[in-house]
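Below is one structure; the comments refer to it alone.
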Protein chains: 4
Amino acid sequence: MHVGLIGLGKMGLPMRERLRSKGIQVSGFDRNPVSSDAGSLRDLAARLTVPRIVWVMVPSGSATSAVITDLAEVLSEGDLVIEGGNSRYTDDRKHAEQLASRGIRYLDCGVSGGVWGRETGYGLMVGGEEADVIEAMPVFDALRPDGAREDGFVHAGAVGAGHYAKMVHNGIEYGLMQAYAEGYELLESQDIIEDTGGILRAWQSGTVIRSWLLELAVRAVEEDPGLSRIEGFVEDSGEGRWTVEEALAAEVPAPVISAAVFARFASRQEESPAMKLVAALRGQFGGHAVRQ
Amino acid sequence: MHVGLIGLGKMGLPMRERLRSKGIQVSGFDRNPVSSDAGSLRDLAARLTVPRIVWVMVPSGSATSAVITDLAEVLSEGDLVIEGGNSRYTDDRKHAEQLASRGIRYLDCGVSGGVWGRETGYGLMVGGEEADVIEAMPVFDALRPDGAREDGFVHAGAVGAGHYAKMVHNGIEYGLMQAYAEGYELLESQDIIEDTGGILRAWQSGTVIRSWLLELAVRAVEEDPGLSRIEGFVEDSGEGRWTVEEALAAEVPAPVISAAVFARFASRQEESPAMKLVAALRGQFGGHAVRQ
Amino acid sequence: MHVGLIGLGKMGLPMRERLRSKGIQVSGFDRNPVSSDAGSLRDLAARLTVPRIVWVMVPSGSATSAVITDLAEVLSEGDLVIEGGNSRYTDDRKHAEQLASRGIRYLDCGVSGGVWGRETGYGLMVGGEEADVIEAMPVFDALRPDGAREDGFVHAGAVGAGHYAKMVHNGIEYGLMQAYAEGYELLESQDIIEDTGGILRAWQSGTVIRSWLLELAVRAVEEDPGLSRIEGFVEDSGEGRWTVEEALAAEVPAPVISAAVFARFASRQEESPAMKLVAALRGQFGGHAVRQ
Amino acid sequence: MHVGLIGLGKMGLPMRERLRSKGIQVSGFDRNPVSSDAGSLRDLAARLTVPRIVWVMVPSGSATSAVITDLAEVLSEGDLVIEGGNSRYTDDRKHAEQLASRGIRYLDCGVSGGVWGRETGYGLMVGGEEADVIEAMPVFDALRPDGAREDGFVHAGAVGAGHYAKMVHNGIEYGLMQAYAEGYELLESQDIIEDTGGILRAWQSGTVIRSWLLELAVRAVEEDPGLSRIEGFVEDSGEGRWTVEEALAAEVPAPVISAAVFARFASRQEESPAMKLVAALRGQFGGHAVRQ
């Protein structure tokens, strides 16, 4: 089995390493020739075992759509594309149909694990046809964490189900992070607490709230007590918003995940028009002094 | 009828004016001799019709408790104290009992209207005994807005009910202000909207969201388009927090009022420890760049 | 001036009445022949002063799009369509372009006021070209509340601005209603409060939270004390969700409006899968009894 | 070392077992004679090594206060009480002072781990004097999980710090549980998702959101797919509310933890007065049908 991997960035590069370390033959392609194994997509296609398996790992949105369009030209009937980026699940149906018109098969795969995945393996959530999933299983088995397959891999459902599950995963992630963050601030706010870092560390074993994110929080506070070197400015990469949008569409109450998303928006505002109006209203009715 | 009024500040002073303009004889007492009619509480007591009616309008908490303690000494059996400050309703029971031990009667009264009350009248919410409420009705009628009594005055229930109703009023106020504020920010964020101030103004008549707070918002934006002279730093004076605490105690879901309170807290933070942790966590697992 | 009005339902019918009562000649069209003045759209067009003004007041989405498509056939170059339904502002651009290809002009108009508008007038928010707005002003003036034009009418900006402003209006409406509702429940939960209806009524004059929605709350509680005849099952008609979606797109924190939307979702659930999982988790780690 | 343990319920009984299995001699006391080793507190005191160490593990509030009062009579100067229940940290100062007046020392200890602690060890957060903590370390070491002490034990600060840290721990727990719960409901709501249980299971390894709570969720869904045997009725035991109260007092924004608390309140309501009012308002202004 010789598979292709398109996109050798922060995620793709360590994935190529992990695949190779697990005995999967991989040729990678990237527009950056330094890391690329192939000179072009056509060159890449020529190197692979037929029917080909090509994993796409480029930024979601237009970059992914462009690669899919190119692959429709370059690949042959019966080949299989696995789209592993952080795409919105609604894009999967379009991509699957686009490739199906050329007889090319399609799986979508949500990949979790961040920069740690090279070492510990990646959590994988896959959508598509059962037969295609089985055919690609050696690739999935190489990427996922060691141990029972079911603990780090799932065939979640039809095309799109993998990215939908990954989106929900990230929505949950937003909520978890914000919950720890509020607790952290409550510890920092209380005078009788003398060792916030020690408390986080002590929560790692035996408690109800132990988790991998907590371990990362322990590391972060050990590396930088008081987090004095970090600004409270938090980006969001889309999945949190999509989760709230899906909650709206499905009429699912999502107060915690939406609060976590909005806290990030607020963290990025130098000025809040909303809070300016609230301050102005207090000045209007109460003669309350406002900061000018 | 010659009544006493203790506390001649931002609220008490215009209340004395309104009472006098409505034909109620009032002597005021304040520690500031410039506005005070009486030189001492004892002097004040000597001027009033017996049984005396004394309205207390000083800051809630220790200032109010100190005045109640002093009045227990200075007043006589059968006198009536009306506590009109922004006290927590749980303080009313203590104050009522303290005075009752001297045979002095007690009403609590929530007062709304801010600096506009002198002119338009004050919304009044009263707690205590029916007979006491009836006795003090001329004072209430002078302070409340003109028109039907029931539209600006209520005997809400037993001692504490007036301040409880006022607390809930303020909790609602927090929610209303934040709702308008979020809407305002959404208008300001959208390029095709050319006239935010005009939209606020046009909402004043015929729409579902017309209100007095909206009129104040119109004034604020007319006086300072873009609210460029105001900082989005919003104080809170206690009742919002109490409302959330009462919601917790009574197991009443209060997501909107609590969100409004927390938005004010966040507006006052130069740095958010919570969001620093979220940023740090993103850096830990994702290799996401963080602002340092 | 003889204008057309398409859609004679809960909103359109009283609007025709108000227009006529203000001296505007109107022919209405509805698929229901009982209320329709014209037998067909073509018949309607034949009756109107040229260049024609046609107001569309049908349900948003496919119904509105179908009418726009039909009007593109029936109307002539230079005619003016005013789309007054509860459409999403993103639909306006499509409709405007569709009509522009035939030389037909387009305004979008958000209309607030509900069933009360016949009597009090409708709050109007308009998007489009200045010249078109001026041409249609007699119609707007007839529909809006009496008094200063600026208090019930606004030209908010380019095409789509009217419906965007109306969407934000409705988002605010959700937040306001939920704030009053949480306060109402807090009054109902407290034993010392003896007269919830009286408190609502007394808030109508002099207080900071006086509003038209509060007046409606007073009516509702007077008609049905304790609201014993009403189920706490709350529909939403779309604009609340859109407002949250726009907040996500524009990165505007909207914790209050989103909390109000989610409270409606939760009100309609007979069973909450989320809360079942929380209950199950408590059982798992704490041996807490769960209801089965 | 022969220590005392008061309270042999759902927590105390397995703690006695774990202590004994780790070689600590323990006499337990409970009002229930079946599990009690001693016939009375005085009897218990007589059995222990002097200076005595007595661990109190009874329900927080009046039960704990009563035991502290009894211990002030029964113990001697120099003895040490460790209060391990789920007390509010503000109670600790009172209890410490009460015992200090008799020369008895006091530590507070937050204990996490639920029914699993017997086997895996309990996460421990302690408040009080360093010397007292060191003296009691053999007990803490027996109760905490095996491995590095710092991963399951912390001396968090002065008296009260242990229970404060435990309160924050539980507040975070509420937020984490609600985040998973919202994600679970989003999976259940989506047709293309065919294997919710499998997705939860696959998140256990390699993903960012892996945690002990997630493992419990996997168990819960495996035991009862669809959670059909569980009602979405969720109790709360106090710490979540206290966390929100502390956030209010410390002016810490806590939107996620409060949303989680309010979701539990709502889950227990058969009828929501708030949502009845929202429904009534929609009926009033829009003529929207309401369920009666």
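Every number in this text was worked out from the coordinates using simple rules, so none of it is lab data. Values in this document were obtained by computation on a predicted structure and should not be read as measured data. Virtual Cβ from ideal backbone geometry, glycine too; neighbours counted across all protein chains shown.
Using C-alpha pairs under 8 Å with a sequence gap of at least 6, the mean separation divided by the residue count of region A:44-147 gives a relative contact order of 22 percent. The residue among D:L143, D:V278, D:V26 whose Cα reaches farthest toward the positive pole of the charge dipole of chain D, with charges on the beta-carbon of Lys, Arg, Asp and Glu, is D:V26. Here is the size of chain D from its Cα atoms: Rg then Dmax, 22.8, 77 Å.
Model label sites at D:T49 and C:V115, defined 7 Å from Cα along the beta-carbon direction, differ in position by 8.0 nm. Using just the C-alpha positions of region D:133-199 as equal point scatterers, what log10 of I(q)/I(0) does the Debye formula give at each q in 0.11 1/Å? Result of the Debye calculation: -0.50.
Computed from the C-beta positions of C:K22 and C:E271 and an R0 of 45 Å, the FRET efficiency is 0.35 to the nearest 0.05. Proximity of backbone amide H atoms, modeled 1.01 Å from N, is registered between D:V3 and D:Q25, D:V26, D:S27 at under 5 Å, excluding neighbours fewer than 5 places apart on the same chain. Separation of region B:1-60 and region A:13-29, taken as the distance between their Cα centroids, equals 85 angstrom. For region C:164-258, a crude dipole built from +1 on the beta carbon of Lys and Arg and -1 on the beta carbon of Asp and Glu, taken about the Cα centre, is about 340 debye to the nearest 20.
If I take every Cα pair under 8 Å that is 6 or more residues apart in chain D, average their sequence separation and divide by the length, what percent do I get for the relative contact order?
12
Of all the options B:S62, B:S76, B:S87, the one that moves most in a Gaussian network model of chain B with Cα springs shorter than 10 angstrom is B:S62. Once the Cα atoms of helix D:212-223 and of chain D are each reduced to a long axis, what angle between those two axes, in degrees from 0 to 90 to the nearest 10, is obtained? The angle comes out at about 60 degrees.
Charged side chains reduced to their Cβ positions (Lys and Arg at +1, Asp and Glu at -1) give the protein assembly as shown a dipole of some 0 debye around its Cα centre. Compared with the dominant Cα axis of chain A, that is its longest principal axis, helix A:273-286 is turned about 20°. For A:D224, inter-copy separations between label points set 7 Å beyond Cα along the Cβ vector come to 3.4, 4.4, 5.5 nm, shortest first. May I ask for the angle, rounded to the nearest 10°, between helix B:161-188 and the longest principal axis of chain B, with both axes built from Cα atoms and the value confined to 0 to 90°? The angle comes out at about 30 degrees.
Taken as Cα centroids, region A:153-197 and region A:204-222 sit 12 Å apart, rounded to the nearest whole angstrom. Inter-label distance, A:E77 to D:M1: 7.7 nm, where each label sits 7 Å from its Cα along the C-beta direction.
FRET efficiency for the A:I134 to C:E235 pair, using the beta carbon distance and R₀ = 41 Å, is estimated at 0.35. With the simple model of a label 7 Å out from the Cα in the direction of the Cβ, C:D141 to B:A66 spans 6.2 nm.
Using only side-chain charges placed at the Cβ, +1 for Lys and Arg and -1 for Asp and Glu, the dipole size of region C:23-105 relative to its Cα centre rounds to 60 debye. Summing charges over neighbours of D:S65, with a neighbour being any other residue whose Cβ is under 9 Å away from its Cβ, gives 0 when K and R count +1 and D and E count -1. Taking each of A:K22/B:K276; A:K94/C:K276; A:K10/C:K276; B:K94/D:K94; B:K276/D:K166 in turn, the alpha-carbon distance tops 31 angstrom for A:K22/B:K276; A:K94/C:K276; A:K10/C:K276. Comparing B:D191, B:D108, B:D151 in a Gaussian network model of chain B (Cα springs below 10 Å), the most mobile by mean-square fluctuation is B:D191.
Our note on the geometry: Cα centres of region C:257-275 and region A:80-147, 33 Å apart. Taking D:A179, D:A274, D:A266 as the candidate residues, the one with maximal mean-square fluctuation in a Gaussian network model of chain D, Cα springs under 10 Å, is D:A274. Exposed loop sites here mean GluC sites (Glu not before Pro) with a DSSP loop assignment and at most 10 other beta-carbon atoms within 10 Å; chain A contains its longest site-free run at A:78-269.
Loop by DSSP (not H, G, I, E, B), at most 16 other beta-carbon atoms within 10 Å: where is the longest site-free stretch of chain A for trypsin sites (Lys or Arg not before Pro)?
It runs A:103-228.
Please find the FRET efficiency linking B:A148 to A:D191, where r is the Cβ-Cβ separation and R0 is fixed at 56 Å, and quote it to the nearest 0.05. Step by step, r from the Cβ atoms, then E = 0.60. Shape descriptor for the protein assembly as shown: Rg over Rh equals 1.01 (Cα atoms; Rh from the Kirkwood inverse mean 1/r).
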